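Quick notes on the structure that follows.
The values are calculated or read from the model by the stated rules, or taken from the named source; none is laboratory data. What you see is a predicted model, and the numbers here were worked out from it, not measured in a lab. Neighbour counts are summed over all protein chains in view; Cβ atoms, including those assigned to glycine, are modelled from backbone coordinates with ideal geometry.
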Amino acid sequence: MSDPICDRPFHCIVAAPALAQGDCTRIEHLTIRIANHTPDSPVFLAPMAGITDLPLRTLVRSFGAGLVVSEMVGSQEMVQAKPSTRAKAELGLGVEGTAVQIAGREAHWMAEAARMAEAGGARIIDINMGCPAKKVTSGYSGSALMKTPDHALSLIEAVVNAVSVPVTLKTRLGWDDAMRNAPQLARRAQDAGVRMVTIHGRTRCQFYKGSADWSAIADVVAAVDVPVIANGDIVDAATARQALSQSRAQGVMVGRGAQGRPWQLACIAADLGRTPAPEIPTGAALAELVAAHHDAILSFYGHDLGLKNARKHLGWYLEAAGQGGHPMRRQLMTETRAARIRPLLHDILTGSADQPAQEAAA
Ligand SMILES: Cc1cc2nc3c(=O)[nH]c(=O)nc-3n(C[C@H](O)[C@H](O)[C@H](O)COP(=O)(O)O)c2cc1C
């Protein structure tokens, strides 16, 4: 069944209830070229430490995403760590459509980490200048670099000069309201060779408070010729369209909006007329998808750490399915036998757990 106005399946409208009729025109300024990469979708997955690991990135990519970005890795830590297959997988080295994100405050570590990532097969290197966490900014990394733009530039130049793959930058509007210098920083980064800039529409001092200011991203778009990606509070097609029209950015990056909804990026891209609409699983199909994601997490991290890391995803899936308050939620979240997760998910997500015993037995 499809929507007669924009010929897209109704489930995309369900995912974007605020989308008004007539909003489903194709937005034309969404052409992204990152050096010789041309993503087939203008909707990217944001890096989220502890969340967007290899299993989630793989799942999101299986639905469709123009680009996924690995979780931030400290440049010095990366260079000094012993190379392992696991670390390689974590970073997504060599995985198509994956950018590897590095952070740091010393040019030689940043350059060396970029070189290592490229040698390991990284297709795109992203520099983190947006992380607001105190333990990162107190080491003058992440968004703290916006306070010292000359130093930030020296890091960008070191990375660009160290590798031949494209280098991109992810940052915020500025340090605080008195220092909203993203347009100037982006322009200097472009002149130094950066091929794409992603802007989270908040200052560092806002952390995640308030709402993202998408119209302020328009100043960055006006300052550069490279593609700009708008980020912050984009959770569905309606917010993606608002962000794109207010910012005039060429694409959007979605983080928290993909939690419990790995298909959401593909649904947004379909609404924008870029890719076919994904099939959104419900009921037994959703239970199977979540169980398979759970299995992938356990095989990636091992049983104990896997169970722990998987719990937050289970919670997000239940909330996204409207089952956040299900009476069996606690049982699912505290279950330590991996083999019990699949049947529990089926019971909760197909509604079979809600049926009285004799009805289920009939
Ligand atoms: C738990 C968490 C971890 C994050 N880790 C990173 C990171 O490693 N690198 C980065 O550049 N941004 C990181 N971010 C910021 C996101 O990439 C994104 O900019 C922010 O969440 C706003 O987008 P959203 O509203 O779509 O989530 C993180 C955000 C969250 C919530």
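The table below gives the values:
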item: Residues of segment 109-166 classified as modelled with pLDDT of 90 or more and closer than 24 Å to Ala89 by Cβ, total; result: 26
item: Among (1) in contact with a helix residue (DSSP H, G or I) (Cβ under 8 Å, 6 or more places away or on another chain); (2) surrounded by fewer than 16 Cβ atoms within 10 Å (Cβ to Cβ), the one test that Arg340 misses; result: (1)
item: Residue in segment 66-105 that is nearest to Thr31 (Cα to Cα), counting only those that are crowded, with 24+ Cβ neighbours inside 10 Å and small (Gly, Ala, Ser); result: Gly66
item: Filter result for Ala158 (in contact (Cβ under 8 Å) with a residue 24 or more places away in the chain and either crowded, with 18+ Cβ neighbours inside 10 Å or under 22 Å from Cys205 (Cβ atoms) (or both)); result: yes
item: Near pairs, Cβ below 7 angstrom, 6+ apart or cross-chain, from segment 66-78 (not assigned by TED's automatic domain parsing to the domain that holds Glu90) to any residue that is acidic (Asp, Glu) and surrounded by fewer than 20 Cβ atoms within 10 Å (Cβ to Cβ); result: none
item: Segment 106-143: number of residues that are buried (at least 19 other Cβ atoms within 10 Å of the Cβ), more than 13 Å from the ligand (Cβ to nearest atom) and closer than 20 Å to Asp176 by Cα; result: 0
item: Filtered residues of segment 249-275 (kept if surrounded by fewer than 23 Cβ atoms within 10 Å (Cβ to Cβ) and more than 15 Å from Val60 (Cα to Cα)); result: Gln250, Leu272, Gly273, Arg274
item: Search result, residues across segment 227-275 that are closer than 24 Å to Pro166 by Cα, without any contact (Cβ under 8 Å) to a residue 60 or more places away in the chain and either among the β-branched types (Val, Ile, Thr) or not in a loop (DSSP other than H, G, I, E, B) (or both); result: Val228, Ala230, Ser247
item: Subset tally (residues that are of a type in the set (A, V, I, L, M) and within 15 Å of the ligand (Cβ to nearest atom)) for segment 193-231; result: 11
item: Single residue of segment 42-51 satisfying the filter (within 13 Å of the ligand (Cβ to nearest atom) and either buried (at least 23 other Cβ atoms within 10 Å of the Cβ) or among the small types (Gly, Ala, Ser) (or both)) that is farthest from Ser245 (Cα to Cα); result: Gly50
item: Test: residue in segment 151-159 that is β-branched (Val, Ile, Thr) and away from the ligand (no atom under 14 Å from the Cβ); result: yes
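Conditions tested, residue by residue: (1) within 21 Å of His37 (Cβ to Cβ); (2) part of a helix (DSSP H, G or I); (3) touching a Lys or Arg at 6+ places or on another chain (Cβ under 6 Å); (4) of a type outside the set (Asp, Glu).
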site	(1), (2), (3), (4)
Ala152	no, yes, no, yes
Ile156	yes, yes, no, yes
Val159	yes, yes, no, yes
Pro183	no, yes, no, yes
Arg188	no, yes, no, yes
Ile199	yes, no, no, yes
Tyr208	no, no, no, yes
Ala218	no, yes, yes, yes
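Let's see how each residue does on (1) of a type outside the set (Lys, Arg); (2) more than 14 Å from the ligand (Cβ to nearest atom); (3) within 23 Å of Gly283 (Cα to Cα):
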site: Asp233; (1), (2), (3): yes, no, no
site: Arg248; (1), (2), (3): no, yes, no
site: Arg261; (1), (2), (3): no, no, yes
site: Leu265; (1), (2), (3): yes, no, yes
site: Ile268; (1), (2), (3): yes, no, yes
site: Asp271; (1), (2), (3): yes, yes, no
